[in-house]
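Have a look at this one.
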Amino acid sequence: MPGDVPGRVVAVWRTVVRGATSAGAPIGGLASTAQGVNAPFPLSAVLGVVVLPTAPRPSTATAA
């Protein structure tokens, strides 16, 4: 694996995570305004259960 690939992977991962945080904050705020302060917790749990199985898994293949 070229030396710059891990750095690029980390950069993409950080972009995705920070983008999801930026999108999730207002959604959590709306949920807590509509349903109460504890509403975002079960909402995030349900979303985690739904999204986790669809997340790409890292490859465990090794080069021969």
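None of the figures in this text is laboratory data; all of them are computed from the coordinates on show. Bear in mind the structure is a predicted one, so any value in this text is a computation, not a measurement.
What's the angle, to the nearest 10 degrees (0 to 90), between helix 5-35's Cα axis and the longest principal axis of the chain?
10 degrees
Taking Cα atoms, how many degrees apart are the long axis of helix 40-51 and the longest axis of the chain, rounded to 10 and kept between 0 and 90?
40 degrees
Picking from PRO40, PRO53, PRO26, which is most flexible by a Gaussian network model of the chain using Cα springs under 10 Å?
Most flexible of the set in this elastic network: PRO53.
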